[in-house]
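A quick write-up on the structure given underneath.
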Amino acid sequence: MSSAENKKRCMAMVLLMVGLFGLVIAQDQFLYGTFPKGFLWGAATASYQIEGGWNENGKGENIWDRMVHAYDGGIKDNSTGDVAADSYHKYMDDVAALKETGVNFYRFSLSWSRILPTGRIDQINQDGIDYYNKLINALLDKNISPMITLYHWDLPQPLEDIGGWLNEEVVDIFGAYANLSYSSFGDRVKSWITFNEPLVQSHLGYGLGIFAPRVKGSGKTDYIAAHNQIKAHARAWRIYDADYRATQNGEVGITFNCAWDEPKTQNPEDIEAAERALQFELGWFAHPIFSANGDYPPIMKEYIASRSAKEGYNMSRLPEFGQTWVNYIKGTHDFFGLNHYTSRLIYRVKGGNETSYENDQDLASSSDPSWPSSASSWLKVVPWGFRKLVNWIHKEYNGVRLIVTENGFSDHGQIKDDDRAKYYTSYINELMKAINLDGCNIFGYTAWSIIDNFEWSSGYTEKFGLYSINFTDPRRPRSRKFSAEVYSNIIANNGFPASSTNNMTMYPFKIQFPSKQHNLHDHL
Ligand code: GBH
């Protein structure tokens with residue numbers, strides 16, 4: 001090959017690479033601007049992950065207590081949530097951190113067994129009621145609205161002993177617990193989430209068996225656990241609607257987790273597989289509640305029924321609601337809660353022979369090697385996927401009113417956490433594009449988490465906090481991380497105005513900001 005030809009080839013390569021790089025940058029291009037007036041900013045936690053005090057003052061045992069105390073507890077660092085961040089005693093420190101960050105609301109969950117040691121309302125533990133009253137009042141005193149999750153995976157053990165979410169009786173028992181919570185706290189709490197991520201509770205807890213209560217039986221038991229949680233959600237929403245809405249004037253929603261599923265190739269089979277993945281992950285729970293017709297997504301019913309038939313079952317492994325329950329569940333929402341962290345590349349493969357939720361879907365996932373990683377193997381940094389997902393939800397569920405109830409990044413707990421600061425800035429920027437450029441109906445955003453905490457089966461090996469906690473110090477002191485300052489600055493500015501009041505110089509990656517100010521017009 002002549003050297004001129006060689007040069008040409010080199011030039012072509014360079015141009016190609018610059019072009020590809022340009023595409024990536026364009027997708028994540030920073031946009032100056034602010035969120036709509038009145039947009040809500042918050043931070044979140046969950047009871048088992050922060051409270052500790054696992055057997056103090058009358059609290060009953062729950063399925064996580066049981067799991068972590070087992071001989072082989074299944075936790076990476078063999079740790080427990082017995083003390084965790086000790087928020088049972090240190091909740092005023094949490095309130096101080098929230099105040100310093102400037103949030104409008106705090107999303108936390110109730111420990112069901114702290115309030116009801118047996119799970120049932122015939123035995124109320126007054127200390128549990130008192131604890132949450134103190135927390136709620138301290139928040140309101142600082143002008144921070146409480147947002148309560150009723151169920152973030154910590155089922156009272158006595159209810160697991162009768163089958164837990166596999167037993168339909170728990171639907172009514174949950175309803176009674178919800179009722180007690182509304183009547184105890186609803187005079188001051190105006191925002192309720194029935195379930196956090198029912199997919200994780202169903203699939204990891206009652207399918208793969210890697211989360212409590214460690215039941216294995218994917219493709220069967222996870223579908224049953226999900227079925228009962230969806231019914232229990234509807235029950236709790238209907239109780240509020242009938243008996244509390246008129247006097248308390250609050251809202252009840254539910255929170256789902258979902259990654260953005262990007263087709264790995266433009267092959268129609270992969271494009272269909274990515275759509276199917278979203279239906280199996282999000283539609284499984286959202287379709288019965290948020291779609292016009294209710295019930296499970298048609299594609300899910302079709303795929304599971306056909307595989308069940310091939311496996312020799314005389315009916316589908318996916319349970320049926322029946323028309324009465326379909327109608328009872330449909331429309332039971334005041335808002336859509338979304339937990340989002342990452343994206344996946346989806347491609348079609350024939351599902352393996354074993355019965356499982358995974359194999360039912362005829363697809364597989366991977367990630368792009370260019371996506372930055374975190375301390376969690378599943379969490380890759382893909383800001384543009386956030387914008388695509390909320391757009392997909394907006395279309396799929398007819399412009400539904402959405403609040404992001406979790407979004408965040410894991411590392412190993414350092415105070416100078418530039419990667420987390422960068423994650424928040426870029427993800428929140430993409431969310432702003434979804435609102436201001438795409439017209440998505442989003443009214444709030446929640447950072448996970450205000451403090452480092454017990455990261456389920458990863459124990460304390462992955463940290464998500466805006467504040468660090470020294471878990472070896474019995475006083476569990478909190479220290480502010482750099483990301484908390486950045487998030488605080490975003491909140492104070494309601495986004496990213498290109499003005500002197502916005503302290504842009506504090507961002508760890510100034511270099512990525514375009515020198516010219518971009519405004520809405522440039523992007524339309
Ligand atoms: C949320 O789940 C939870 O609501 C919250 O409690 C949690 O602390 C936070 O995210 C951070 O993880 O063990 O490799 O099989 C987010 C969705 C689904 C992500 C389950 C981790 C387990 C992956 N999660 N997934 S693995």
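The values are calculated or read from the model by the stated rules, or taken from the named source; none is laboratory data. Given the structure is predicted, the values throughout are model-derived calculations rather than measurements. Because the Cβ atoms are built from the backbone with ideal geometry, glycine has one as well, and the counts that use them run over all protein chains shown. Note: areas computed on protein heavy atoms with side chains; ligands, DNA, RNA excluded. Shrake-Rupley method; radii C 1.70, N 1.55, O 1.52, S 1.80 Å.
Specify the residue that is surrounded by the most Cβ atoms within 10 Å (Cβ to Cβ); the eligible residues are those in the stretch 211-255 that are in contact with a helix residue (DSSP H, G or I) (Cβ under 6 Å, 6 or more places away or on another chain), among the hydrophobic types (A, V, I, L, M, F, W, C) and closer than 19 Å to Y296 by Cβ.
I254
Would you point out which residue out of Y223, Y240 is more than 16 Å from the ligand (Cβ to nearest atom), in a helix (DSSP H, G or I), at pLDDT 95 or above and under 22 Å from R107 (Cβ atoms)?
On the way: Y223 fails: under 22 Å from R107 (Cβ atoms).
Result: Y240 is the single residue among Y223, Y240 that is more than 16 Å from the ligand (Cβ to nearest atom), in a helix (DSSP H, G or I), at pLDDT 95 or above and under 22 Å from R107 (Cβ atoms).
Would you say A236 is within 22 Å of R317 (Cα to Cα) and of a type in the set (A, V, I, L, M)?
On the way: within 22 Å of R317 (Cα to Cα): no; of a type in the set (A, V, I, L, M): yes.
Criteria not met by A236.
Name the residues in the stretch 234-268 that are in contact with a strand residue (DSSP E or B) (Cβ under 8 Å, 6 or more places away or on another chain) and over 29 Å from Y427 (Cα atoms), would you?
A236, W237, Y240, D241
Considering only the stretch 438-459, state which residues are out of contact with any strand residue (DSSP E or B) (no Cβ under 9 Å at 6 or more places or on another chain), open to solvent by 10 Å² or more (accessible area, probe 1.4 Å) and more than 11 Å from the ligand (Cβ to nearest atom).
Residues satisfying the conditions are D438, G439.
Quick check on my filter: what residues within the stretch 460-481 are on the phi < 0 side of the Ramachandran plot, among the basic types (K, R) and away from the ligand (no atom under 15 Å from the Cβ)? Outline the logic, then answer.
Start the filter on the stretch 460-481 by keeping residues that are on the phi < 0 side of the Ramachandran plot, which leaves 460-475, 477-481.
Now drop any that are not among the basic types (K, R), which leaves 463, 475, 478, 480-481.
Passing the criteria: R475, R478, R480, K481.
Of all residues in the stretch 313-346, count the ones that are within 16 Å of the ligand (Cβ to nearest atom) and among the hydrophobic types (A, V, I, L, M, F, W, C). Give the derivation first.
First, the residues of the stretch 313-346 that are within 16 Å of the ligand (Cβ to nearest atom): 336-344.
Now restrict to residues that are among the hydrophobic types (A, V, I, L, M, F, W, C): 336, 338.
Qualifying residue count, the stretch 313-346: 2.
So for the stretch 475-488 (the condition being touching a helix residue (DSSP H, G or I) at 6+ places or on another chain (Cβ under 9 Å), at pLDDT below 95, among the basic types (K, R) and surrounded by fewer than 13 Cβ atoms within 10 Å (Cβ to Cβ)), does at least one residue qualify?
no
Return the residue satisfying two criteria in turn: it lies in the stretch 305-327 and is hydrophobic (A, V, I, L, M, F, W, C) and farther than 19 Å from G219 by Cβ, and of such residues it is most open to solvent (accessible area, probe 1.4 Å).
The first filter runs over the stretch 305-327 and keeps only residues hydrophobic (A, V, I, L, M, F, W, C), leaving 305, 309, 315, 318, 321, 325-326.
Cutting the leftovers down to farther than 19 Å from G219 by Cβ gives us 325-326.
Values: W325: 67, V326: 9 Å².
Within the stretch 305-327, the match that is most open to solvent (accessible area, probe 1.4 Å) is W325.
Any residue at all in the stretch 174-191 that is open to solvent by less than 10 Å² (accessible area, probe 1.4 Å) and within 16 Å of the ligand (Cβ to nearest atom)? Write out each step before concluding.
The initial filter retains those residues of the stretch 174-191 that are open to solvent by less than 10 Å² (accessible area, probe 1.4 Å), namely 174-175, 177-178, 181-182, 185-186, 189.
Checking which are within 16 Å of the ligand (Cβ to nearest atom) leaves us with none.
No; the residues of the stretch 174-191 include none that is open to solvent by less than 10 Å² (accessible area, probe 1.4 Å) and within 16 Å of the ligand (Cβ to nearest atom).
Out of (1) more than 16 Å from the ligand (Cβ to nearest atom); (2) part of a helix (DSSP H, G or I), what's the single condition that is false for I415?
(2)
So which residues in the stretch 253-268 are within 15 Å of the ligand (Cβ to nearest atom) and of a type in the set (D, E, K, R), if there are any at all?
Across the stretch 253-268, the qualifying residue is only D261.
Would you point out which residue out of S374, S366 is more than 14 Å from the ligand (Cβ to nearest atom), open to solvent by 20 Å² or more (accessible area, probe 1.4 Å), in contact with a strand residue (DSSP E or B) (Cβ under 7 Å, 6 or more places away or on another chain) and not charged (D, E, K, R)? Working first, answer last.
Details: S374 fails: more than 14 Å from the ligand (Cβ to nearest atom).
Sole residue among the options that is more than 14 Å from the ligand (Cβ to nearest atom), open to solvent by 20 Å² or more (accessible area, probe 1.4 Å), in contact with a strand residue (DSSP E or B) (Cβ under 7 Å, 6 or more places away or on another chain) and not charged (D, E, K, R): S366.
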